[in-house]
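What follows is a single structure, written as structure tokens, with notes after it.
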Amino acid sequence: MSLIDSIPLRRSFGLPRADGLIQWIVPLVIIVIWQIASVIGLVPTRVLPAPSDVALAGWKLLLSGELVRNIWVSFWRASIGFLIGGSIGFAFGLANGLSQLSAKLTDTTLQMVRNVPHLALIPLVILWFGIDESAKLFLVALGVFFPIYLNTLHGIRTVDPQLIEMGRIYGMSDGELFRRVIFPGALPSIFVGIRFALGIMWLTLIVAETIAASSGLGYMAMQAREFMLIDVVVLSILIYALLGKLADTASHLLERLTLAWHPAFQKR
Amino acid sequence: MQTALLLPETERNERARITPQARRRREDRPALGLPLTIRNLRKSFGDNEVLRGIDLHIPAGQFVAIVGKSGCGKSTLLRLIAGLDKIDAGAISFGEAARPEDIRVMFQEPRLLPWARVLSNVEVGLGRDRASQDAHPRAEHALTEVGLADKRDQWPSVLSGGQKQRVALARALVSQPRVLAFDEPLGALDALTRISMQRLLERVWRDQGFTAILVTHDVAEAVALADRVLVIEEGRIAHDATVNAPRPRERGSVELAGLEGSILRHLLSADDRT
């Protein structure tokens, strides 16, 4: 066998690597245009600093340790809030999807609460918790709860009844039916909930941090505004974008791993 | 065993793949069919009385086809036999105490779990024996039986319609059922796949000796496969025809065509009366 034969066809065109890079072309082009516009004075630096200035501000904050500390604090709040709200939402979604009684008991209440914008609770939350960690965690958990609750419930209710009947015919116990049929069937919908929830997670956290916090990315941006450090403000916004992308990539990866059976995730 | 000259290639291959062990295994433990007796069976859905008193005896190992127009109650009868719905009045008995694994159903849709590989889908059919040591070899044996041993690690989504239905057949066969009920299992397949599936059904029925009950709207299929064809009209058995043609049956032979014609006339004459 010759050397060329042993190389898979796709690899020989270098396609997989190009696929990974291609998505970054647009953000890069935007940054380049932005830099040029700043350098030739099209955009005044008081309105929008050049990307190089933003990078410089980032570098300084990185050296002082402030950036890493704030990112870490925000990341920690986001994950803990997500875990708390997500697990409660998941539990309610399971309970109400599987039990008529539980659904009758709680669904109406939850639907009412859902229609209150959770950020409207900020004044109340500050009164309850002060500007403590728990205030932020509470808000994030509340925001994350509903998309996960709704999509888990929807996923369980829309599992193909023919498959459930099949499982019963083949003598599956309730536990086995859940593990083999209902949960895997609801999983794609649960992931939709997770991705929605990740977006809401960042949104809630940033709003909460800009209003009531003494650390974190939102706090860093607010402080910078006080001192007219517009480059730091822009830096914070760029970091939000990157963190959002990171969360999305992570959930996508998890989807690829657990939904390998799904035609949408199969590699050709 | 029958040999037909015009077997599709896939089927010829799948026969060649049956191992000697598989054959021996079958002889070791012949899964004998269960007889089935139905007395004055009735079933209504709301005000709609679907079955109005069915009396029927099916001897062990017989291949019975049930035909009739849509809405005549044939699928309901099958679901009652399989224990999927509750009986309103009357009785169904299997001669002796039947375990749940003894009675299996195959539907028009394959109903495979999309998130389980082909082999685990077949293992589902083992019922309570799923966790046992020999679950794997038994499932593999059933897959070999339907000629899909090489697809064991595939996801169902990559299989063709006919292949999915064969996996569903393997899942129904893996517990070595004594009664196998088919609810139009070939209804959604194309004509050629249908014919090769019909041959497969006939072969596994002959090999394993279960009692087969096939609900179909295709009279030609009923006549080609069954020992006996029941026509159901308005919730009652209107006609009970025995098919004596020797097996292997030749499709389109004069004898089968004549029988098909007479059953069709029976089905259509009901139309004229109403």
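The values are calculated or read from the model by the stated rules, or taken from the named source; none is laboratory data. Predicted, not measured: the structure shown is a model, and the values here were computed from it. Here the Cβ is made from the backbone with ideal geometry for all residues, glycine too, and neighbour counts use every protein chain on show. Only protein heavy atoms, including side chains, enter the accessible area calculation; ligands, DNA and RNA are left aside. Shrake-Rupley method; radii C 1.70, N 1.55, O 1.52, S 1.80 Å.
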query: Could you say which residue among A:190, A:211, A:194 is open to solvent by 30 Å² or more (accessible area, probe 1.4 Å), within 24 Å of residue A:142 (Cβ to Cβ), under 17 Å from the mean Cα position of the chain (by Cα) and among the aliphatic types (A, V, I, L, M)?
result: A:194
task: Given the conditions (1) at pLDDT 90 or above; (2) closer than 24 Å to residue B:260 by Cβ; (3) touching a Lys or Arg at 6+ places or on another chain (Cβ under 8 Å), report the number of the one that residue B:217 does not fulfil.
output: (1)
task: Taking the options B:233, B:221, name whichever one is charged (D, E, K, R), open to solvent by less than 20 Å² (accessible area, probe 1.4 Å) and more than 14 Å from chain A (Cβ to nearest Cβ).
output: B:221
message: Considering only residues that are of a type outside the set (A, V, I, L, M, F, W, C), in a helix (DSSP H, G or I) and buried (at least 20 other Cβ atoms within 10 Å of the Cβ), which ones fall in segment A:168-183?
response: A:180
- prompt: What is the residue count in segment B:238-258 for residues that are among the β-branched types (Val, Ile, Thr) and open to solvent by 50 Å² or more (accessible area, probe 1.4 Å)?
  reply: 2
- prompt: Of B:81, B:58, which residue is surrounded by 16 or more Cβ atoms within 10 Å (Cβ to Cβ), under 30 Å from residue B:260 (Cβ atoms) and within 14 Å of chain A (Cβ to nearest Cβ)?
  reply: B:81
field: Matching residues in segment A:217-236 - criterion: being part of a loop (DSSP other than H, G, I, E, B) and in contact with a helix residue (DSSP H, G or I) (Cβ under 9 Å, 6 or more places away or on another chain)
entry: A:229
query: Consider residue B:231 against the criteria (1) among the hydrophobic types (A, V, I, L, M, F, W, C); (2) in contact with a His (Cβ under 7 Å, 6 or more places away or on another chain); (3) in a loop (DSSP other than H, G, I, E, B): it satisfies all of them except one. Which criterion is unmet?
result: (3)
Test set (1) more than 9 Å from chain A (Cβ to nearest Cβ); (2) open to solvent by less than 10 Å² (accessible area, probe 1.4 Å); (3) out of contact with any strand residue (DSSP E or B) (no Cβ under 7 Å at 6 or more places or on another chain) - residue B:106 fails condition number: (3)
- prompt: Is one or more of the residues making up segment B:115-131 within 14 Å of chain A (Cβ to nearest Cβ) and among the hydroxyl-bearing types (Ser, Thr, Tyr)?
  reply: yes
task: Working only within segment A:237-268, note down all residues that are part of a helix (DSSP H, G or I), among the aromatic types (Phe, Trp, Tyr) and either within 14 Å of chain B (Cβ to nearest Cβ) or open to solvent by 60 Å² or more (accessible area, probe 1.4 Å) (or both).
output: A:265
message: Quick check on segment A:121-167: of everything there that is within 11 Å of another protein chain (Cβ to nearest Cβ) and part of a helix (DSSP H, G or I), which residue is surrounded by the fewest Cβ atoms within 10 Å (Cβ to Cβ)?
response: A:161
